[in-house]
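The structure appears below as structure tokens.
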Amino acid sequence: MQKERKLIIAGNWKMNKTVAEALDLVHGLKRELAAIKEVDLVVCPPFTALCEVSRQILDSNIRLGAQNMSEQNGGAYTGEISAVMLKEFSVRYVILGHSERRQHQAETDALISRKALAVHAAALKPIVCIGETLQEREAGKTEEVVGRQLRGSLAGLNKEQMQETILAYEPVWAIGTGRNATPEQAQEVHAFIRRTLTELFDSSVAKRVRIQYGGSVKPSNARDLMSQPDVDGALVGGASLETRSFSDIIKNSI
Ligand code: PGA
């Protein structure tokens, strides 16, 4: 399908895969996806598998992403991982502000914006996640919540940095639940996000930013979701853990 922006589809493996399992998966993906040129392909393994996966995808069309990064450059921050450490493994993308981190690690929009600035300072690309809970949607607050998250998480980014930022709209009620947003629901919020980017930056920036949809993306719903005009890719959790389902999502999206 003809898209205004190149699709970017990323697999968020979350806290899954030993190194051996990770290598198995990327072997399969390399085999299945070698011919794909229409989509930017990204896998985001856990930190412990970045080194080995990085070696395996060196000669492929698959790029590497991390699931989080510290806003600090280094020093006494036990358990944290810096940009320099990620760059050692040729990481190109960093997922920031996933709803699971907002929920379990109490990440705030202010922290996410500091991390986004650190990601850009290292010439990496952030994938900034936003999305409302079921309660917020049912209360009619989706735009209020997503608007607030956008203003907070993107605070301080200049236009050049924003253009190199990927957004992932992930309604919390659709993550890992098997219940995806309908293509129309996704398009509605994606269009709102693009309007907000016009307000916060300008229309040429808003036109260039790629906005992924995430939340129970699978081979059977990928085509309809990706065919929406403002949906520019997907952030895939559960279905990215198997060669077959992740490859089929990509093949069904083009
Ligand atoms: P899911 O997760 O595809 O398993 O719903 C998406 C995500 O959390 O990025």
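A few notes on this one:
- Among residues of the stretch 62-96, those that are out of contact with any Asp or Glu (no Cβ under 6 Å at 6 or more places or on another chain) and within 30 Å of T177 (Cα to Cα), counted: 17
- Tabulated pairs, the stretch 1-29, first over 12 Å from S240 (Cβ atoms), second assigned to a loop (DSSP other than H, G, I, E, B) and of a type in the set (G, A, S), C-beta under 8 angstrom, 6+ apart or interchain: M1/S227
Okay, residues lined up against (1) buried (at least 20 other Cβ atoms within 10 Å of the Cβ); (2) in contact (Cβ under 8 Å) with a residue 12 or more places away in the chain:
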site: T133; (1), (2): no, yes
site: R137; (1), (2): no, yes
site: E144; (1), (2): no, no
site: R148; (1), (2): no, yes
site: L154; (1), (2): yes, yes
site: M162; (1), (2): yes, yes
site: T182; (1), (2): no, no
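- Among the residues listed as Q228, Q163, Q187, the single one being in contact with a helix residue (DSSP H, G or I) (Cβ under 7 Å, 6 or more places away or on another chain) and either within 16 Å of the ligand (Cβ to nearest atom) or over 25 Å from R101 (Cβ atoms) (or both): Q228
- Counted residues, the stretch 231-250 - those being within 9 Å of the ligand (Cβ to nearest atom) and either part of a loop (DSSP other than H, G, I, E, B) or surrounded by 24 or more Cβ atoms within 10 Å (Cβ to Cβ) (or both): 6
- Hits in the stretch 110-159 - residues which are β-branched (V, I, T), under 24 Å from G176 (Cβ atoms), touching a Lys or Arg at 6+ places or on another chain (Cβ under 9 Å) and more than 16 Å from the ligand (Cβ to nearest atom): V145
- Odd one out for Y213 among (1) surrounded by fewer than 22 Cβ atoms within 10 Å (Cβ to Cβ); (2) within 14 Å of S253 (Cα to Cα); (3) among the aromatic types (F, W, Y): (1)
Taken together, the values in this text are just the output of simple stated rules run on the coordinates, not laboratory data. Keep in mind the model is a prediction, meaning the values are calculated, not measured. In this analysis, Cβ positions are derived from the backbone assuming ideal geometry, glycine residues included, and neighbour counts consider all displayed protein chains.
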